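Here the structure comes first, spelled out in structure tokens, and everything after it is commentary.
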Amino acid sequence: MSKGKPDTSAADFFPERKSLKAFREAAAGCQGCDLWERGTQTVFGEGARRAEVVFVGEQPGNEEDLSGKPFIGPAGRLLDDALVEAAIDRSQTYVTNVVKHFKWEPRGKRRIHKKPNAGEIKACRPWLEAEISLVKPKVIVCLGATAAQALLGPHFRVSQQRGQFIESTLAPYIMATVHPSSILRAPDDETRHDEQRKFIDDLKKAARVLSKS
Ligand code: SF4
């Protein structure tokens, strides 16, 4: 794997035109860190151009990498179901990730998720900042520790601060909850149902803010 210049980032690939479409097209050719060589394609965010709520995960998974679309695998389906329960219209949301390429390592014939490192998160962050500044959501919901620590600081603890709105310049309201993939990894049905209920409760807090004029 080649090692690009250490200070290379997504910003080096920014388009002239400041639109989501232009950014999505430019991100397709991003080589801001070495992950472009490992993933099938860039998985940029998708959703409503003026979404009131933006969900930010860690990185695309196996299915997302192959399809080029975020949150379409098992975790995305769990998120869809939770949005219905929380009465948040999925068509009015925008979903994206902190890192836009799938980082994985082989295990037999399978590609196993590997957590992105601090350098990769930093290199990819300009795409996320561009998405947020163009969509201008009222609420940002970080899904999981990687997204939460990238947007709310390295000391943020999802286990202790989930569901709380945190002051931020990124959006009027920003909070974090668990990543839906962590619910799928629950050791038994009872734990999974319990985690799912807590996840829906967190999303309902976002829904309450959205319903305020
Ligand atoms: S992970 Fe982000 S910064 Fe790295 S190559 Fe992909 S789009 Fe560019």
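The values are calculated or read from the model by the stated rules, or taken from the named source; none is laboratory data. Computed from a predicted structure; not experimentally measured. Glycine also receives a Cβ, built like all others from the backbone with ideal geometry; neighbour counts cover every protein chain displayed. Ligands, DNA and RNA are excluded from the accessible area calculation, which covers all protein heavy atoms including side chains. Shrake-Rupley method; radii C 1.70, N 1.55, O 1.52, S 1.80 Å.
General remarks:
- Extension gain for the segment LYS138 to PHE165, taken as residue separation times 0.36 nm less the Cα-Cα distance, is 8.5 nm to one decimal.
- Average accessible surface area per residue within the chain, 1.4 Å rolling probe, Å²: 51
- Using every pair of distinct Cα positions in the range 1-103, the Kirkwood expression returns a hydrodynamic radius of 14.5 angstrom.
- Pairs of lysines in the range 101-213 (C-alpha under 26 Å apart; 8 or more residues apart or interchain): 17
- Exposure rank, largest accessible area first [GLU120, GLU37; 1.4 Å]: GLU37, GLU120
- Per atom type, the range 119-169 shows carbon and sulfur on 52% of its accessible surface, probed at 1.4 Å.
- Helix-only CD estimate at 222 nm, as mean residue ellipticity for the chain, using -39500 (n - 2.57) per DSSP H run (n ≥ 4): -12000 deg cm²/dmol
- Where the Cα pairs of the range 97-213 fall when distances are cut into 10 Å bins, in %: 13, 38, 36, 13, 1, 0
- Take the Cα of ARG50, go 7 Å toward its beta carbon, and the backbone nitrogen atoms of the range 130-155 under 19 Å from that spot belong to 131-140.
- The chain, relative contact order [Cα under 8 Å, separation at least 6], %: 22
- Separation between Cα centres of the range 25-40 and the range 143-213, rounded to whole Å: 28
- Relative contact order (percent, whole number), the range 1-109, Cα cutoff 8 Å, 6+ residue spacing: 30
- Taking only Cα atoms of the range 44-163, radius of gyration then Dmax in Å: 14.1, 43
- Theoretical FRET efficiency, 1/(1+(r/R0)^6), r = Cβ-Cβ of ARG107 and LYS198, R0 30 Å, to 0.05: 0.50
- log₁₀ of I(q)/I(0) at q = 0.07, 0.16 Å⁻¹ - the chain, Debye sum with one point per alpha carbon: -0.20, -1.07
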